[in-house]
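This report concerns only the one structure given below.
The values are calculated or read from the model by the stated rules, or taken from the named source; none is laboratory data. Predicted model only: the values in this text are computed from it and were never measured. In this analysis, Cβ positions are derived from the backbone assuming ideal geometry, glycine residues included, and neighbour counts consider all displayed protein chains. The area values use the complete protein model at the heavy-atom level, side chains included, leaving out ligands, DNA and RNA. Shrake-Rupley method; radii C 1.70, N 1.55, O 1.52, S 1.80 Å.
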Amino acid sequence: MEPRTRPPGWAAALAGVTAGAVALGIAQLVAGVFGGTSPIIAVGNSAVDNTPLWLKEWAIRTFGENDKNVLIGGILVVVALLAAALGVLSRRRVGFGVAGLWLFGLVGMVAVLTGAEAGPLAILPPLIGAGAGAMTLSSLFRRLEPPPWAESERAEVLAAAKTDDSHAAAESDDAHAAAEHDDSHAATERDDSEKPEMPPVMRAGSELHAFSRRRLLTGVGVGVGVAGVSGIAGQLLSGRNDVSGARTAVAKALPTAATPLPPLPAGVEFKIPNLSPFSTPNHDFYRVDTALVVPAVDPKSWTLKIHGMVDKPIEITFDDLIKRPLMEADVTLTCVSNEVNGPYVGNARWLGVRMADVLREAGLQANADMLLSTSSDGWTCGTPIDIVMDGRDALFAIAMNGEVLPVSHGFPVRQVVPGLYGYVSATKWVTDIKVTRYDLDEAYWTPRGWSAMGPIKTGSRIDVPRNKVKPGRNTIAGVAWAQHRGIEKVEVQVDDGDWRVARLAEVPGPDTWRQWAIDWDFTPGLHTIRCRATDGTGQTQTANGAPPAPNGATGYPTVLMEAV
Ligand SMILES: Nc1nc2c(c(=O)[nH]1)N[C@H]1C(S)=C(S)[C@@H](COP(=O)(O)O)O[C@H]1N2
Ligand SMILES: [Mo]
C-alpha cells in the first residue's frame, strides 16, 4: 500500500472552516432567493428566545444596545470553532465531518421552523446550505488525500518518455488524455501489486507530506470565494424585502391629526448642555426588542386583526387605520430593563389612532382583562384592558416626532400606552390583538421572569454633572418621569446633606418626563449627588435598591463626581 499520511490538523481545520463558510454563504443565498431566514439569524433568534434572565441582564448591562451584534459575532465564532472541529474529525473519516454538517443543518432547520415567520420554504436555506457544506468538505478532503494526482503525473511523465518526440508534439492533447485514461486503470490494478515511490515533490525537507498545500489552498480559495459571493448575493436579494421605499411613500402622504396638539410650551427645555432634550430625536431614541433582523412590514399588506373575546372580530388595513381621526400625544417610553440612571427612556410626540376607538368597534367582552398583541415577528405583549380604555392617550401610532415611524421603532404601526413599561404595552410592528384574560394567556416575557403587569415606577436620572466640574457654582440637572401621574417635585442631595428642591421645567401633560435643575456650589474634592422624584399622587420614589427584573429597578440615582 501507499504510505497514507494524515493531513496535518491545521489543514483539516481549514477545510472544515471553509466548508462551514460555504454552508452559511449558500444558506444566505437560498434565504435571499426564497425569502427565508439565514440559519445564523434563526439560531440567534432561538438564542434570544431561550436566554435565561440573568444572562440577558448581564448581556444588556455589558453590551447595551450592541448586545445583538455581540450575539451574532459570538455565534459566528462558535460556528467557526465547531466547523474547525468537524474538519479535524474528518481526518479519521470524511463521513464524520459530513454527518456533522448535516447535523448542523438539522439544528438550523429546527431553529427556523420554531421561528415565528416560518413558511414551508423556510427549511431550504439550512438544508441546501448543509448539502453545499458537505460537498465542500468531501471535495477538500479529496484534495488532502495522498497521491492520485501524483501518480497520474508520474504516469504522464512515463508515458511522455515512451512516446516518439515528433508524434507527441503533433497529438499532444490526445496523447495526454489517453495517458490519463490508461493510467486510471493502471493505477487501480497496480494498487494491489506495486508500491509506487512517492515522487520527490511530495517531500518537504525530510518530512513526508501526503498532501499538496497548494492544492488545498486553491480549494479553500474557491470555497471562500463561493461563500463570499453567495453570501453577498443573498444579502442583496433579501434587500428586496426592504421597506424604505414603502416608508417614503407613507411619508409623502402622511395625514395630519384631526385634533393636533399645540406646539410644545417653550418652558419644556432649560437648555442646559448635556441635559436630555425634552424631545428625543428619533435617531437617538433607545431601541429595545428581540428582533435580530428588523421586521420589514409593507403597509400595503399590513393588517391588524382584533379577535378573541370580542362581539365581532375585525381586520383593518393600513388605509382603514389612517382614514380614522388621528390624534397626537406626547408620551415618554421607558423600558423595564432600564437600570437606575440608565439610558432606556425617551420622549416623543406620537401621531396615531386611539386604541380604545378601534377596540370598541370589535366590542370587548366584559370578562376580558388583557390585550395580547403580537408583532409580525411573533413577539407578544400583554396589556391590561382597563388601562387602555380609561381615556388616556393609548395609540396605534404611525409617526414619531413628525416623521413616519422608523422601521426599528415599529413601522408601519406600533402601540404606545402612557404609564406602562414597553414590554407590556409598546408592541412594534403590531399585527394581531387577541382579547383575552391574564389567567388564560401569557405574553413573551412572562415565562422568562418578568411580571405580567408592568406599571412604570416613578423614576429620575441625573444627566449633569456626570464626572468632573470646576469648583464653585454648577448646575445639577436631569429628567424625572411618572407617566400618567406626572412629576410634582424633584429633590437633590449632595454628600448626605439636606434634600433641596430642584426647579422643574414645564410639561405638556402628565405622560412625559420633566426636566429638573438646581444650582450648587461645589467645594473642591469628591462629591456624591443623589436625586429623588415625587409623582402627582404625592408618592416619592423609594431609596431601596432593586434590579430591573421582575418589574423595574428602584433606588435613588447616584453620581460620584469631582470638583477640580
Ligand atoms: N415587536 C416588538 N415590540 C416591542 C418589543 C419587542 O421585543 N418586539 N420590545 C418592547 C420593549 S421591551 C420596549 S421597552 C419598547 C421599546 O420601544 P423602542 O425600541 O421604540 O424604544 O418596545 C416594545 N415593543
Ligand atoms: Mo423594555
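Overview of results
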| item | result |
| --- | --- |
| Selection count where residues are part of a loop (DSSP other than H, G, I, E, B), touching a residue at least 60 places away in the same chain (Cβ under 8 Å) and either buried (at least 24 other Cβ atoms within 10 Å of the Cβ) or within 16 Å of ligand 2 (Cβ to nearest atom) (or both), scope the stretch 425-442 | 3 |
| Output for the stretch 506-519, where each listed residue is part of a strand (DSSP E or B) and open to solvent by less than 30 Å² (accessible area, probe 1.4 Å) | GLN515, TRP516, ALA517, ILE518 |
| Matching residues in the stretch 408-424 - criterion: being under 13 Å from SER375 (Cα atoms) and either in contact with a Leu (Cβ under 9 Å, 6 or more places away or on another chain) or more than 16 Å from ligand 2 (Cβ to nearest atom) (or both) | PHE411, PRO412, VAL413, ARG414, GLN415 |
| Meets criteria (open to solvent by 10 Å² or more (accessible area, probe 1.4 Å) and either in contact (Cβ under 8 Å) with a residue 40 or more places away in the chain or more than 22 Å from the chain's Cα centre (by Cα) (or both)) for GLY419 | no |
| ASN467 vs. criteria more than 28 Å from TRP54 (Cβ to Cβ), more than 10 Å from ligand 1 (Cβ to nearest atom) and at pLDDT below 95 | yes |
| Meets criteria (more than 30 Å from THR114 (Cβ to Cβ) and either surrounded by 20 or more Cβ atoms within 10 Å (Cβ to Cβ) or within 13 Å of ligand 1 (Cβ to nearest atom) (or both)) for VAL413 | no |
| Residue check, LEU236 more than 16 Å from ligand 2 (Cβ to nearest atom), part of a helix (DSSP H, G or I), farther than 21 Å from LEU321 by Cβ and at pLDDT below 90 | yes |
| Within the stretch 274-321, tally of residues that are of a type in the set (A, V, I, L, M) and either open to solvent by 40 Å² or more (accessible area, probe 1.4 Å) or within 13 Å of ligand 1 (Cβ to nearest atom) (or both) | 7 |
| Looking only at the stretch 369-388, and only at residues there that are open to solvent by 10 Å² or more (accessible area, probe 1.4 Å) and aliphatic (A, V, I, L, M), the one that is farthest from ligand 1 (Cβ to nearest atom) | ILE385 |
| Inter-residue pairs, beta-carbon under 8 Å, first farther than 25 Å from GLY231 by Cβ and in the stretch 32-55, second open to solvent by less than 50 Å² (accessible area, probe 1.4 Å) and part of a helix (DSSP H, G or I), 6+ apart | THR51/ALA59 |
| The one condition in (1) free of Cβ contacts under 8 Å to residues at least 40 places away in the same chain; (2) under 21 Å from VAL293 (Cα atoms) that GLY378 fails to fulfil | (1) |
| Criterion (at pLDDT 95 or above and more than 14 Å from ligand 1 (Cβ to nearest atom)) met by exactly one of GLY402, GLY454 | GLY402 |
| Residue list for the stretch 259-286, filter: closer than 29 Å to ASP298 by Cβ, assigned to a loop (DSSP other than H, G, I, E, B) and at pLDDT 95 or above | SER279, THR280, PRO281, PHE285, TYR286 |
| Residues that are within 16 Å of ligand 1 (Cβ to nearest atom), open to solvent by less than 10 Å² (accessible area, probe 1.4 Å) and of a type in the set (A, V, I, L, M, F, W, C), drawn from the stretch 346-362 | ALA348, TRP350, MET355 |
| Hits in the stretch 35-76 (condition: among the aliphatic types (A, V, I, L, M) and farther than 19 Å from PRO126 by Cβ) | LEU53, LEU55, ALA59, ILE60, VAL70 |
| Residue satisfying all of: in the stretch 98-123; of a type outside the set (A, V, I, L, M) and at pLDDT 80 or above; surrounded by the most Cβ atoms within 10 Å (Cβ to Cβ) among these | GLY108 |
| In the stretch 49-86, the residues that are open to solvent by less than 30 Å² (accessible area, probe 1.4 Å) and in contact with a Leu (Cβ under 7 Å, 6 or more places away or on another chain) | LEU86 |
| Residue ranges of helices (runs of 4 or more DSSP H) in the stretch 1-96 with at least 3 members of a type in the set (S, T, N, Q) | 39-50 |
| Residue list for the stretch 331-345, restricted to those being open to solvent by less than 40 Å² (accessible area, probe 1.4 Å) and within 15 Å of ligand 1 (Cβ to nearest atom) | VAL331, THR332, LEU333, THR334, CYS335, VAL336, SER337, ASN338, GLY342, TYR344, VAL345 |
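Each row is one residue, and each column tells you yes or no for (1) over 24 Å from the mean Cα position of the chain (by Cα); (2) at negative phi.
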| position | (1), (2) |
| --- | --- |
| VAL353 | yes, yes |
| GLY363 | yes, no |
| LEU372 | no, yes |
| MET389 | yes, yes |
